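> Could you have a look at this structure, given as structure tokens, before my questions?
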Amino acid sequence: MLGRAVSLLSAFRPDDDRCVSLSELARRSGVAKPTAHRLATQLVELGMLEPGEGGLRLGLRVFELGQLVPRQRGLRDAARPYLEDLHRASGETVHLAVLEAPDVVYLDKLTSRAAPAVPSRIGGRMPAHATAVGKALLAHASEEVREAVLSRPLERITARTVVMRGVLMRELRRVRTEGVAHEYEESALGVVCAACPVVDGQGRAIAAVSVQGWVNRMQIDRVVPALRTTALMLSRQWG
């Protein structure tokens, strides 16, 4: 029953600007409608869901619990001053993300006014293989984690997403050697991105920082030095 409740909460999507009907939540989650009704009633009582016009929305209690996640809060708070410096230096969108295979989860995002619209959002997920932060994290992950991600079918987000295992493996080896991962229109058309890992004392990536902008405007070579410096300073402080 707990798993069904989590499925119901997880059925909400980033583009749900309005309340979602119980029937739609049941359809998305695969939970039978009578069960969904009972669970929704309990979740409303607990503050995890809120009733509204036309259906339900996530409750404030979900937000409150999310702010208590130690890794998210501690790492994000420690990284924020460095991310702000990188944001000012580059003039582009800056991300902080962690790996939760097979995806990356974004802990922070600072957006530039002239930045392209991208699907990333704080608390959101993207397939690791299709993002620069994901490649930086996978390149410095354990062999077991890397194999678990690359052995499964890789989703093609755009026509340029790398989905061939051999090609991706070669790219990850390059990232381990050079310390910088790149993405060229693999998660969104018109977007280019560079990322560096934040590593601990054993060289394991605990997070990744990226700079993202328009493919025809952002000069990666210009932003990489500041990106490397940010990742290095965070590695020294947090790793």
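All of the numbers you see were taken from the coordinates with simple rules; none came from a lab. Keep in mind it's a predicted model, so treat the numbers as computed, not measured. Quick reminder, even Gly has a Cβ in these numbers, built from the backbone with ideal geometry, and neighbours come from all protein chains shown.
> How many percent of all Cα-Cα pairs in the chain sit more than 26 Å apart?
Here the long-distance tail beyond 26 Å is 44 percent of all Cα pairs in the chain.
> Loop only by DSSP, 16 or fewer other Cβ within 10 Å of the Cβ. Give me the GluC sites (Glu not before Pro) in region 136-239 that pass, ordered by residue number.
Hits after loop and neighbour filter: GLU155, GLU185.
> Among DSSP bridges having both ends in the chain, what percentage is antiparallel? Round to the nearest 5.
100
> While we're on this one: Taking the simple approach of a point 7 Å from Cα along Cα-to-Cβ for both LEU65 and THR229, what is their distance in nm?
Between LEU65 and THR229, the label points sit 4.2 nm apart.
> Right, here's the next one. How high is the relative contact order of the chain? Use alpha-carbon pairs under 8 Å, at least six apart in sequence, and give a whole percent.
That works out to 15 percent.
> Hey, in the GNM for the chain with a 10 angstrom Cα cutoff, which one of ALA148, ALA195, ALA79 fluctuates hardest?
Sorting by GNM fluctuation, first place goes to ALA148.
> Another question about this same structure. What is the P(r) of region 2-65, as percent of Cα-Cα pairs per 5 Å bin from 0?
4, 19, 35, 29, 12, 1
> Now, a different point. Note the direction-averaged projected area, equal to a quarter of the hull surface, for the Cα convex hull of region 145-185, in nm².
Averaged projected hull area, Cα only: 3.1 nm².
> Here's something else I'd like to know. Tell me, what HN-Hα J-couplings in whole Hz come from the Karplus equation 6.51 cos²θ - 1.76 cosθ + 1.60 at θ = phi - 60° for each residue of region 203-209, using x for Gly and Pro?
Going residue by residue, I get x, 8, 6, 9, 6, 9, 10 Hz, with x marking Gly and Pro.
> Using only alpha carbon pairs under 8 Å that are at least six residues apart, calculate the relative contact order of region 173-239 and give it in whole percent.
Worked out over region 173-239, it gives 30 percent.
> OK, next. So who's got an amide H within less than 5 Å of the one on VAL191, skipping anything under 5 residues away but keeping other chains? H placed 1.01 Å off N, in plane.
Amide H neighbours of VAL191: GLU185, VAL215.
> Rounded to the nearest 500, what is the 222 nm mean residue ellipticity of the chain from helices alone, with -39500 (n - 2.57) per DSSP H run of 4+ residues and division by all residues?
Helices in the chain give a 222 nm mean residue ellipticity of -14000 deg cm²/dmol.
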